[in-house]
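Working notes, beginning with the structure itself.
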Amino acid sequence: MASTVIKGGTVVTADLSYLADVRIEHGVITEIGLNLQGDQVLDASGCSVMPGGIDPHTHLEMPFMGTYSADDFESGTRAALAGGTTMVVDFVLPGQGQGLMDAAQMWHNKSTRANCDYSYHMAITWWGEKVWEDMAESVKAGMTSFKHFMAYKGALMVNDDELFASFRRVGELGGLAMVHAENGDVVAELTAKLLAEGNSGPEAHAYSRPPQVEGEATNRAIMIADMAGVPLYVVHTSCEEAHEAIRRARQQGKRVWGEPLIQHLTLDDSEYQHADWEHAARRVMSPPFRNKKHQDSLWAGLQSGSLSVVATDHCAFTTEQKRYGLGDFSKIPNGTGGLEDRMPMLWTHGVNTGRLTPNEFVAVTSTNIAKILNCYPKKGAVLVGADADLVVWDPQKEKVISAKGQQSAIDYNVFEGQRVKGLPRFTLSRGQVAVVEGRMQVQQGHGRFVPRAPRGAVNQALSAWKELTAPRPVQRSGIPASGV
Ligand code: DUC
Ligand code: ZN
Ligand code: ZN
Ligand code: ZN
């Protein structure tokens, strides 16, 4: 059997760093130790050997706002591998009235060209008996996390009654509830008001979605999840108001996790004040970029552990697509790219600045989410038996980010001109070398679907644990019992 040995590097996991070689056979790690021999040797001297990144938040080839996101599973996973990410988790988005498994089949058809492994979250975009039934099928098929949009009124948004019903169902199935937390009613009101007052530019997008709409929805989702007895994952946590709610919930013992995006950590709302319409429109996403105060809060959350995962919400649109919103910011397709840049940007702004240790870097880019999504240690680990999804990370390697030569299909990059230090020397997807010093040697279709089991016994929120929600009928004297 052909074996590959990654030689001379420092194995860096979420827990510790130590000198060791790593042997890979048949796509999995078979030995970790000193002086290992193999048929193929990859030189990792001066490098960290880390679990490949997991980006748990992508929208590849997604129908959205009258168009499709521009990166598909081929270009998206190629971008991922180029930046050291070896697994993506994409959102299956059922249409109104469409069954969940029917939508999942559409996603399976799209992902046949994926270059790296992938999994799916299931979005709950409408509510009914069919959805309730299909949720059990979804769990059986390995899609155990369910995303709910509290915004995008009239399109994807679910109301609180639907949210509560769905959360209870997720809880009973042992799944993970997820939310896009923004108050969609308030966003719709503010959008209409801004447009009526003649504020139609991309800067108004940010005014239509202030931190309060996110803070309110995050608090609401946490309380509803607690009453439903389900763990909750809050995607794209962008502001102190939402972070505060998550921090408080965690401190109370609730199983709640927050996910800042690399964009929110490194880019701020001054981008929307740019004189060039295209510059600003290309950065329109929801939630919008925030000011420096919010960025500091997100970094503090990663340092203290109150925020757990750094993702991208990769949902890329070309400049031509962004121009659908000329004259009306509410029609600018929401979304930015980031798959290729998440790891180098986080290393540069996190590890090189001393905000994060290399071990914390591994935790927030890979290991934490593998545990939350219940695919650890198959993914997110450097352990014997784990998939050899690895990145050999060269902390000295530098580049300036540019749309020129990027893997993404779009014509710009929101990080254009940023110098990063810390890049992959090799990226391996289940033992196959996919990237060598920036040169792609990916294999289309190499990616496999990663089914995930329900979370089982750990699937409890605080109130359920305390049995606060269990009804206890009270017998009162003088009042006949009901039905008598
Ligand atoms: N936000 C975006 O910016 N794009 C996709 C969906 C979302 O919630
Ligand atoms: Zn063999
Ligand atoms: Zn979202
Ligand atoms: Zn998203």
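Quick rundown of the values:
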quantity	calculated
Per residue accessible area in Å² of the stretch 113-214, where ligands, DNA and RNA are left out and the probe is 1.4 Å	35 Å²
Relative contact order of the stretch 1-126, pairs being alpha-carbon contacts under 8 Å that are 6 or more residues apart, as %	20 percent
When the stretch 48-112 is reduced to its Cα atoms, the Kirkwood hydrodynamic radius in Å	12.8 Å
Mean residue ellipticity (222 nm) of the chain, computed from DSSP H runs ≥ 4 via -39,500 (n - 2.57), nearest 500	-8500 deg cm²/dmol
Under-5 Å amide H pairs with Ser119, H placed in peptide plane, nonlocal only	Val88, Val89, Asp90, Val450
Integer Hz, Karplus 6.51/-1.76/1.60 couplings in order for the stretch 303-317, x for Gly and Pro	5, 8, x, 6, 10, 10, 9, 10, 10, 10, 6, 3, 8, 8, 10
Rg to Rh quotient for the stretch 242-320, alpha carbon positions, Kirkwood Rh	1.05
Karplus 3J(HN,Hα) series, Hz, for the stretch 358-371 with 6.51 cos²θ - 1.76 cosθ + 1.60 (x for Gly, Pro)	x, 5, 5, 4, 4, 4, 7, 9, 8, 5, 4, 6, 4, 6
³J(HN,Hα) computed for each position of the stretch 71-76 - Karplus, 6.51 cos²θ - 1.76 cosθ + 1.60, integer Hz, glycine/proline x	8, 9, 5, 6, 5, x
Cβ-defined net charge surrounding Lys399, 9 Å radius [Lys, Arg +1; Asp, Glu -1]	+2
Residues whose placed amide H lies under 5 Å from that of Ala434, excluding near-sequence neighbours	Thr427, Leu428, Ser429
The chain, relative contact order in percent, only Cα pairs under 8 angstrom and at least six apart counted	21 percent
Kirkwood hydrodynamic radius over Cα pairs of the chain, then Stokes diffusion coefficient at 20 °C and 1.002 mPa s, in µm²/s	94 µm²/s
Listed peptides 327-340, 98-111, 426-439 by packing density, highest first (mean Cβ within 10 Å)	327-340, 426-439, 98-111
Simple Cβ-charge dipole of the chain, Lys/Arg +1 and Asp/Glu -1, about Cα centre, in debye nearest 20	880 debye
Nonlocal amide H pairs with Ser69, under 5 Å, H built at 1.01 Å	Glu61, Met62, Phe64
Cross-link pairs beyond the 31 Å C-alpha cut-off, checked among Lys378/Lys404; Lys110/Lys379; Lys7/Lys292; Lys254/Lys331; Lys140/Lys404; Lys7/Lys379	Lys378/Lys404; Lys7/Lys292; Lys254/Lys331; Lys140/Lys404
Whole-percent carbon and sulfur share, accessible surface of the chain, 1.4 Å	50 percent
Listed residues Tyr324, Tyr120 arranged by accessible area, highest first, probe 1.4 Å	Tyr324, Tyr120
Heavy-atom accessible area per residue - the stretch 248-373, 1.4 Å, Å²	31 Å²
Length-normalised contact order of the stretch 188-318 in % [C-alpha pairs under 8 Å, at least 6 apart]	27 percent
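The values are calculated or read from the model by the stated rules, or taken from the named source; none is laboratory data. No experiment lies behind these values; they were computed from the predicted model shown. We place every Cβ from the backbone using ideal geometry, glycine too, and count neighbours over all the protein chains shown. Calculation scope for accessible area: heavy atoms of the full protein, side chains included, ligands and nucleic acids excluded. Shrake-Rupley method; radii C 1.70, N 1.55, O 1.52, S 1.80 Å.
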